[in-house]
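Following: one structure in structure tokens, then a few remarks.
The values are calculated or read from the model by the stated rules, or taken from the named source; none is laboratory data. Computed from a predicted model, the values in this text were never measured in an experiment. All Cβ positions, glycine included, derive from the backbone under ideal geometry; neighbour counts span all protein chains shown. Note: areas computed on protein heavy atoms with side chains; ligands, DNA, RNA excluded. Shrake-Rupley method; radii C 1.70, N 1.55, O 1.52, S 1.80 Å.
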Amino acid sequence: MTNAKFENVLATFCSPVLFGKKVSNLVSVFKKEIPELTFLIDEYNNKFQPHGIKIEKVCECEKRILLLVYSEKDLLEHLREENVSQILLKYGYSDSSMLSDYLKILKERMSKDEFPHEIGLFLGYPLSDVKGFIDNNGKNYQYCGYWKVYENIGEAKKIFSIYDKLKAFTVAELECGRKLDSIVAQFQNKCIA
């Protein structure tokens, strides 16, 4: 049962990542709802490894675990983009060719009291919206969907619509009895063909 619950969580919150439309997503999971979470993370990392998708704990407290679900290749490429890496340097990240270096610093920053606002860069949010969020302390945004939008509302709404459709599709497929790894594999095979 918890396998199905975990798949539903991933489908609901991570479909854009699983289908290559987003570099990563954060998911907060209650420990008591999925007690075998550590085992499931290992199991799904094995299932998703052929597709370059990884699940990693980035923060843990008494009740919850915060997971980062990401495309290893896409996230590293995004973090190494010049405009993104310049901002990350200001927050103590080094310009590295290893994703693990970035994630180590992110985890360290997340273990502190204040949530690191540069997390939007790890989630692939538009640079202008990450800067807007940081400059405005999360206030004065023009629109709110999957993130707080400070510029280009029309483009953000198009992206949000794609994310909504991917989520609806994936959840519907699970409700029909399909397994998440087979849905992802079918998608990946279509993209390669």
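Values for this structure:
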quantity: Set of the stretch 133-168 residues, backbone N closer than 11 Å to the point 7 Å along the Cα-Cβ line of LYS90; calculated: 133-136
quantity: Over the stretch 79-140, relative contact order from alpha-carbon pairs under 8 Å, at least 6 apart, %; calculated: 25 percent
quantity: Given (i) 80, 44, 26; (ii) 52, 30, 30; (iii) 45, 37, 32, the label whose value is Cα extents along the principal axes in Å derived from this model; calculated: (iii)
quantity: Length-normalised contact order for the stretch 126-193 - Cα pairs under 8 Å, 6+ apart - percent; calculated: 17 percent
quantity: Sparsely packed trypsin sites (Lys or Arg not before Pro) within the stretch 88-121, loop by DSSP, other Cβ within 10 Å at most 15; calculated: LYS112
quantity: Separation between Cα centres of the stretch 100-148 and the stretch 35-89, rounded to whole Å; calculated: 15 Å
quantity: The chain: relative contact order in percent, alpha carbon pairs under 8 Å with at least 6 residues between; calculated: 23 percent
quantity: Dipole magnitude (debye, nearest 20) for the chain, charges at Cβ of Lys, Arg, Asp, Glu; calculated: 380 debye
quantity: Full-stretch length increase - ILE134, GLU60 - with 0.36 nm per residue and alpha-carbon distance subtracted; calculated: 24.3 nm
quantity: For the stretch 61-155, alpha-carbon Rg and Dmax in angstrom; calculated: 13.7, 40
quantity: Hypothetical label at PHE30: residues of the stretch 50-90 whose amide nitrogen lies under 13 Å (7 Å Cα-Cβ projection); calculated: 63-65
quantity: Share of carbon and sulfur in the accessible heavy-atom surface of the stretch 1-117 [1.4 Å probe, %]; calculated: 51 percent
quantity: Under the Karplus curve 6.51 cos²θ - 1.76 cosθ + 1.60, θ = phi - 60°, whole-Hz ³J(HN,Hα) for the stretch 88-93, x wherever Gly or Pro sits; calculated: 4, 4, 5, 9, x, 7
quantity: Accessible area expressed per residue, the chain, with surrounding protein chains retained (probe 1.4 Å, Å²); calculated: 55 Å²
quantity: Förster-model FRET efficiency, 30 Å R0, ASP42 and ARG80, C-beta, rounded to 0.05; calculated: 0.60
quantity: GluC sites (Glu not before Pro) within the stretch 28-135, DSSP loop, no more than 14 other Cβ atoms inside 10 Å; calculated: GLU33, GLU36, GLU62, GLU81, GLU114
quantity: Whole-Hz couplings from phi, Karplus 6.51/-1.76/1.60, listed for the stretch 16-23; x for Gly and Pro; calculated: x, 6, 4, 9, x, 9, 8, 6
quantity: Among LEU127, GLN186, VAL17 - extreme Cα towards positive end, dipole of the chain, charges at beta-carbon; calculated: GLN186
